[in-house]
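Take a look at the structure set out below.
The values are calculated or read from the model by the stated rules, or taken from the named source; none is laboratory data. Here the structure is a predicted model, which is why all the values come from computation and not from measurement. Note: ideal-geometry Cβ built from the backbone for every residue, glycine included; neighbour counts use all protein chains shown.
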Amino acid sequence: MNTNTQDSAKPRTASFAQSSSEIVANNISKSYGAGPFAKQVVSNCSFSIESNKLTVMIGPSGCGKSTLIQLIAGFESPDKGKITMNGKPITGPGKDRLVLFQESALFPWMTTYDNIMYGPRARGEDNSEAAELAEFLLNKVGLEAFRDKYPQQLSGGMQRRAELARAMINKPEVMILDEPFRGLDNMSKELMWEYYAGLYEEDRNTNFFVTTDIDEAIFLADRLLIMTNLPTSTRAVIEIDIPRPRRIDDIGNNARANEIKKEVMTLLHEEAMKSFSGGSKAAADFLDAYSKRAG
């Protein structure tokens, strides 16, 4: 499916200004609780979210990925180590970082267009440039015909597309996405991969995407961070050297994609097995499920 638009559809007075923002986590640790009840979630973890790249983080379920998002967004602080953005410590939330969570955040009393325009209007920027960019984004995510519909009139996939557009119109330096397509059916999820990849390819700003889905990770990523089991740290970094634009129909037959997938499956299986003392049916089921998907 081709989600690209013709050049004539691109805004003339508004555009995505490419940032060069980089986030670096250096030996960070994070625990919750105190004394004998303390639970360490992140341990001596280091990684970088490189500028103008789409970095995807994947790891076993419950390994601490969401905690890392909280730390990068500035909602929480690490107990040890530091996180910097462009060399400056992250000490709290900022408009330079925008988080798209799993849960829908569309306002039910607003139309699709009004939801997308919420950010500019809240900042007092309800002008022709913002309106032109909103029109472009509606076209880019395939929602032009649904501009006057309310969230409850949209499918789950359409709501996710509207949320992407609402995030993009704010032009954050870094987009942070926490499993945003979780819960969608397979067809809707794959469509979302293409819509999101198309938006990313439009501006090429710094994106940080967290998932537990191997296929999603490989399809989207420029760089792939493989995380360890709890307490999490960085197990491996893989450069995804597959040309863009990417299409679902093509990548399944891509030899390099299949090679990367096998490597990622092996690493994740090793980490998942650490959750089970001596192995278990759950661990066996994990391997069996991913083996079937790889076949």
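This table checks each residue for (1) touching a residue at least 40 places away in the same chain (Cβ under 8 Å); (2) of a type in the set (Val, Ile, Thr).
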| position | (1), (2) |
| --- | --- |
| ARG223 | yes, no |
| ASN229 | yes, no |
| PRO245 | yes, no |
| ASN258 | no, no |
| LYS261 | yes, no |
| VAL264 | yes, yes |
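Among ILE116, ILE28, which is the only one that is touching a Cys at 6+ places or on another chain (Cβ under 6 Å), buried (at least 20 other Cβ atoms within 10 Å of the Cβ) and at pLDDT 95 or above?
Among ILE116, ILE28, only ILE28 is touching a Cys at 6+ places or on another chain (Cβ under 6 Å), buried (at least 20 other Cβ atoms within 10 Å of the Cβ) and at pLDDT 95 or above.
For ALA38, state whether it is touching a strand residue (DSSP E or B) at 6+ places or on another chain (Cβ under 7 Å) and exposed (fewer than 15 other Cβ atoms within 10 Å of the Cβ).
Yes, satisfied.
Per-residue answers, yes or no, for (1) surrounded by fewer than 21 Cβ atoms within 10 Å (Cβ to Cβ); (2) part of a loop (DSSP other than H, G, I, E, B); (3) in contact (Cβ under 8 Å) with a residue 24 or more places away in the chain:
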{"position": "GLY62", "(1), (2), (3)": "yes, yes, yes"}
{"position": "SER66", "(1), (2), (3)": "yes, no, yes"}
{"position": "GLN70", "(1), (2), (3)": "yes, no, no"}
{"position": "GLU76", "(1), (2), (3)": "yes, yes, yes"}
{"position": "GLY81", "(1), (2), (3)": "yes, no, yes"}
{"position": "THR84", "(1), (2), (3)": "yes, no, yes"}
{"position": "THR91", "(1), (2), (3)": "yes, yes, no"}
{"position": "GLY94", "(1), (2), (3)": "yes, yes, no"}
{"position": "LEU98", "(1), (2), (3)": "yes, no, yes"}
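Table: residues versus (1) over 30 Å from PHE136 (Cα atoms); (2) within 17 Å of the chain's Cα centre (by Cα); (3) modelled with pLDDT of 95 or more; (4) not basic (Lys, Arg).
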{"position": "ALA14", "(1), (2), (3), (4)": "no, no, no, yes"}
{"position": "GLY35", "(1), (2), (3), (4)": "yes, no, no, yes"}
{"position": "ALA38", "(1), (2), (3), (4)": "yes, no, no, yes"}
{"position": "VAL42", "(1), (2), (3), (4)": "yes, no, yes, yes"}
{"position": "LYS53", "(1), (2), (3), (4)": "no, yes, yes, no"}
{"position": "ILE69", "(1), (2), (3), (4)": "no, yes, yes, yes"}
{"position": "LYS80", "(1), (2), (3), (4)": "yes, no, yes, no"}
{"position": "THR84", "(1), (2), (3), (4)": "yes, no, yes, yes"}
{"position": "GLY92", "(1), (2), (3), (4)": "yes, no, yes, yes"}
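Suppose we filter the stretch 47-69 for residues that are within 17 Å of ASN26 (Cβ to Cβ) and not aliphatic (A, V, I, L, M); how many remain?
Residues flagged as within 17 Å of ASN26 (Cβ to Cβ) and not aliphatic (A, V, I, L, M) within the stretch 47-69 amount to 7.
Taking into account only those residues within the stretch 252-295 that are in contact with a Phe, Trp or Tyr (Cβ under 6 Å, 6 or more places away or on another chain) and modelled with pLDDT of 60 or more, which is nearest to VAL41 (Cα to Cα)?
Selected residue: ALA272.
Mind checking which pairs have a first residue in the stretch 27-52 that is hydroxyl-bearing (Ser, Thr, Tyr) and a second that is assigned to a helix (DSSP H, G or I), Cβ under 6 Å, 6 or more apart or different chains?
Once the first residue is hydroxyl-bearing (Ser, Thr, Tyr) and sits in the stretch 27-52, no partner that is assigned to a helix (DSSP H, G or I) comes close enough.
Could you run through the stretch 131-157 and say how many residues are buried (at least 20 other Cβ atoms within 10 Å of the Cβ) and among the aliphatic types (A, V, I, L, M)?
6
Name the single residue that is modelled with the highest pLDDT among those in the stretch 184-227 being of a type in the set (Lys, Arg) and not in a helix (DSSP H, G or I).
By that ranking, first place goes to ARG223.
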